[in-house]
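Enquirer: Quick one: structure below, then a few questions.
The values are calculated or read from the model by the stated rules, or taken from the named source; none is laboratory data. Here the structure is a predicted model, which is why all the values come from computation and not from measurement. Ideal geometry is used to build each Cβ from the backbone, glycine not excepted, and the neighbour counts take in all protein chains shown. To get the accessible areas, we keep the full protein, side chains included, count just its heavy atoms, and leave off ligands, DNA and RNA. Shrake-Rupley method; radii C 1.70, N 1.55, O 1.52, S 1.80 Å.
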Amino acid sequence: MPDRLAPFQLALLNHKGGTGKTTLAFNLAAALAQRAPTLLVDLDAQGSALQWAAQQGGEKLPMRVSAALEAEAALGAAGEPPAFVVWDCPPSSDHPQVLALLSQLDWVLVPVLPSPIDLWASWHLVRLLQQARASRPGLQAAFVINQAEPDSALTAAMHDALREFELQVLPCVVRRRAIYRSAALGGQTVQMLGRRGAAAAAELDAVIEEILK
Ligand SMILES: Nc1ncnc2c1ncn2[C@@H]1O[C@H](COP(=O)(O)OP(=O)(O)O)[C@@H](O)[C@H]1O
Ligand SMILES: [Mg+2]
């Protein structure tokens, strides 16, 4: 478990839009919040995570959600300091705030869709992460396949394709599930949806286990 003074910091990063950064940031933050106080920071100017939180109909979210500008204040705010900070990044790898963030992160997850087209432009991002790891040896980074289909042959082919990059690939995947979209519509996390969200919550717990091990 991370100590109080140094929160464990995880970023969801990919230069492409639509790969699941916000979806995973929101629900992984909720999964981490089951373990210890968690802050989700929306670094994207589009503010999707903040909008998601704003849809909230009443049931309180398990994590705090803050805009980038307020992140420092939120980190230093009175009350229990977060043990985990999750950063939802903009679809860019040379955004100044993203580059600055790389020097303080513990983990970077790069969500990728199960399509080769989504991989062809990943070299720059992989190089950037390798450089960041050279100056911050503790930094860990991995691809995670998002919106995986039940077709295990396709998932295996994606794992093979990803092995060409010098970046590890999480052995577990996040499946394509309508519940991720319905949770967002209601401003909720999949963990808040009980049995309907249980399979999604379980696969996200597997991702967390990989990250914290
Ligand atoms: N595992 C998933 N299953 C089903 N839909 C998903 C999943 N992950 C993301 N989505 C949907 O895909 C779209 C893009 O996801 P989003 O998290 O906004 O990506 P990004 O933040 O990388 O742009 C959204 O409509 C989201 O609801
Ligand atoms: Mg997003």
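Enquirer: If you take the square roots of the eigenvalues of the alpha-carbon gyration tensor of the range 146-191 and sort them as a ≥ b ≥ c, do you get rounded (a/c under 1.5), prolate (a/b over b/c) or oblate?
Expert: Details: a/c = 3.79, a/b = 2.17, b/c = 1.75.
Prolate, because a/c is 1.5 or more and a/b exceeds b/c.
Enquirer: Suppose all protein chains stay in the model; what accessible area per residue would a 1.4 Å probe give for the chain, in Å²?
Expert: Working: 10030 Å² over 213 residues.
With the other protein chains kept in place, the chain gives 47 Å² per residue.
Enquirer: Please report, as a whole percent, how much of the solvent-accessible surface of the range 8-212 comes from carbon and sulfur atoms (probe radius 1.4 Å).
Expert: Values: 4880 of 9150 Å².
Exposed carbon and sulfur together represent 53 percent of the surface.
Enquirer: FRET efficiency for Glu59 and Gln131, Cβ-Cβ distance as r, R0 = 45 Å, nearest 0.05?
Expert: 0.60
Enquirer: A further question on this structure: For the pair Cys172 and Glu80, how long in nm is the line joining their label points, each one 7 Å along Cα→Cβ?
Expert: 2.2 nm
Enquirer: Taking 25 Å as R0, compute the FRET efficiency from the Cβ-Cβ separation of Gln97 and Arg196 and round it to 0.05. All intermediate terms of the calculation are to be shown ahead of the outcome.
Expert: Working: r = 35 Å, r/R0 = 1.41.
Using R0 = 25 Å, I get an efficiency of 0.10.
Enquirer: With charges only on Cβ, +1 for K and R and -1 for D and E, what is the dipole size of the chain about its Cα centre, in debye, rounded to 20?
Expert: On the way: 17 positive and 20 negative charges, 62 e Å.
Roughly 300 debye for the chain.
Enquirer: Rounded, prolate or oblate: which one fits the chain, using the alpha carbon gyration tensor with axes a ≥ b ≥ c (rounded when a/c is under 1.5, else prolate when a/b beats b/c, else oblate)? Provide the component values of the computation, followed by the final result.
Expert: Numbers: a/c = 1.60, a/b = 1.13, b/c = 1.41.
Oblate is the answer for the chain, as a/c is 1.5 or above yet b/c matches or exceeds a/b.
Enquirer: Using alpha-carbon positions, what is the distance between the centroids of the range 19-56 and the range 133-188, in Å?
Expert: What the calculation gives is 17 Å, centre to centre.
Enquirer: Lys16: which aspartates and glutamates have alpha carbons under 16 Å from its alpha carbon, excluding same-chain residues fewer than 8 sequence positions away?
Expert: Cα-Cα hits under 16 Å: Asp44, Asp88, Asp94, Asp118.
Enquirer: In the Gaussian network model of the chain, springs joining C-alpha atoms below 10 Å, which of Ile145, Ile179, Ile117 carries the largest mean-square fluctuation?
Expert: Result for the chain, Cα springs under 10 Å: Ile117 fluctuates most.
Enquirer: Under a plain spin-label model, where a point goes 7 Å from the Cα along Cα-to-Cβ, how far apart in nm are Gln34 and Leu185?
Expert: A separation of 2.4 nm, rounded to one decimal place.
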